[in-house]
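Down below is the structure, laid out as C-alpha cells.
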Amino acid sequence: WRDRETYYYFVLIIAVLMTTLAALIVRSRIGQTLIAIRQNEDLVGAIGIAAWKYKLFAFVISAMFGGLAGAIYAHYQSFINPEIFGVAQSLDAILAVIIGGSGTIAGPVIGAFFVVFLPEYLRFADSFRLILYGLVLVLATIYMPRGIVGVATDLMAKWGRGKR
C-alpha cells in the first residue's frame, strides 16, 4: 500500500462506492422519508412516521461514512494526530458543501474539487487564504444559495425551455 498511485485508486474506488451508496439511499423509500423530514418534520410525524428512527439512521450512516474516511486516512498516514484537522480543514468541508450545493449528492463532490484546486490558484496570497475563503463563502451564499449544482440546474432548465 505504500505505492501512492495504488492507494489513490483504492480511495477513488471507495469514494465512488460510497457516493453510489448515498445516491441509492436518497432514491430509496428511506431517503424519500428523510427528505420529507427535512422539509416538514411535524407533517411526517402527523402521518404516523417515527422521525427519530430515520434521523438515527441518517446519523449512523453519516458516522459510517466519516469513520470509513478516517480509517482510510489514518491507515495512509500511519498515525492519528488531531492537530492536522484545524479550522482551515473544517472551513474546507463547509465551503465544499456550500459552493457545490447542499442537499445534493453531486454538490459536495463538485465543491470538493473546487476547494482542492482553489488553494493552488490562491498560492500567491497564502497569508490571506482564510480571508479569501470567507469572501468566497459570503459571495457564494448571497449569489449562489443553491451552489454550483443549483446554478447548473437552473441554466439547463432555462436552456431546455428555450429550445422549444
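Laid out as a table, the results:
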quantity: Charged-residue dipole, Cβ positions (Lys, Arg, Asp, Glu), the chain about Cα centre, Debye nearest 20; calculated: 720
quantity: Helix-only CD estimate at 222 nm, as mean residue ellipticity for the chain, using -39500 (n - 2.57) per DSSP H run (n ≥ 4); calculated: -26000 deg cm²/dmol
quantity: Alpha carbon centroid spacing (whole Å) that separates the stretch 133-164 from the stretch 41-117; calculated: 22
quantity: The stretch 1-72: chymotrypsin sites (Phe, Trp or Tyr not before Pro) in DSSP loop, at most 16 other beta carbons within 10 Å; calculated: Trp1
quantity: Overall form of the chain per C-alpha gyration tensor (a/c, 1.5; a/b vs b/c); calculated: oblate
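Here, each number is a calculation from the coordinates, and none is a lab measurement. Please read all numbers here as calculations on a predicted model, not as lab measurements. Quick reminder, even Gly has a Cβ in these numbers, built from the backbone with ideal geometry, and neighbours come from all protein chains shown.
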